[in-house]
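**Student:** Pasting a structure here, questions to come.
The values are calculated or read from the model by the stated rules, or taken from the named source; none is laboratory data. Keep in mind the model is a prediction, meaning the values are calculated, not measured. Virtual Cβ from ideal backbone geometry, glycine too; neighbours counted across all protein chains shown. Heavy atoms of the whole protein, side chains included, go into the accessibility calculation; ligands, DNA and RNA do not. Shrake-Rupley method; radii C 1.70, N 1.55, O 1.52, S 1.80 Å.
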Amino acid sequence: MIVEELSARLAAGDYPRGSRLPAERQLAASLQVARNTLREALDVLEENGLIRRRAGAGSYVSEPELPGSSASVAVTTGPLHLHVMRGILEPEIARLAILNMPSATLDALVQLSDAMRTTSDPTGFARLEEEFQLKLAEGTGNPLLLACYHLIVKTRRQPHRAAMLRRQMTSERIHYLCQAHAALVSALVSRDVAEASELVQDMLIEEQRLLMQED
């Protein structure tokens, strides 16, 4: 598997920390794979924090994480801590997005909500929901708040949490979330802060109920 081969090379120090990986064409040739296959493997490595990409500059090997860094925080954060932070951030994100987001962001949220209604695949649905939340955070116009929410997403992507989310993503829950996000989009379109905040709180309460069942 290409991901395992690249991970092994990184672990062996074939590509030093902070260094730039070979160009995609060169790396694909050395691994004897197509470039689209290589890109899929690089996507996985980036999600796992092993590499980072810079637009127009290539892929770089991640530096070692220090205590208190985003990766170590993501690993050590408990489910309750994560839920508390979401309860603090998400209603405020909805409020600020309504006040600040441009029409292009709102259009993107409508499209994501529509896409959520057309998929029954749990993994695909979870990714669309994640994109929706990040786009909403982007709509606040606050880069620090967006960075904080990226950390929330990174924490939710931890393998044990991803497995829990897959267990919870039943057809009934997908149906509920589709309706909830469609209602949220309506509130965003009408710039109804109170309604949007209430809908976000309702979704968080429902997720808390599922979290308690996991315990």
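**Student:** Could you pull out every one of the helices (runs of 4 or more DSSP H) wholly within the stretch 148-215 that has 2 or more residues that are at negative phi and modelled with pLDDT of 95 or more?
**Tutor:** 171-189, 193-214
**Student:** A further question on this structure: Do we have any residue at all in the stretch 141-149 that's crowded, with 20+ Cβ neighbours inside 10 Å and over 15 Å from the mean Cα position of the chain (by Cα)? Please lay out each step first, then the result.
**Tutor:** Of the residues in the stretch 141-149, the ones crowded, with 20+ Cβ neighbours inside 10 Å are 149.
Those left that are additionally over 15 Å from the mean Cα position of the chain (by Cα): none.
The answer is no, given that none of the residues of the stretch 141-149 is crowded, with 20+ Cβ neighbours inside 10 Å and over 15 Å from the mean Cα position of the chain (by Cα).
**Student:** Please pick out the residue among Ala28, Ala115 that is surrounded by 14 or more Cβ atoms within 10 Å (Cβ to Cβ) and touching a Lys or Arg at 6+ places or on another chain (Cβ under 6 Å).
**Tutor:** Ala28
**Student:** Exactly one of these conditions fails for Val75: (1) open to solvent by 70 Å² or more (accessible area, probe 1.4 Å); (2) modelled with pLDDT of 90 or more; (3) among the β-branched types (Val, Ile, Thr). Give me its number.
**Tutor:** (2)
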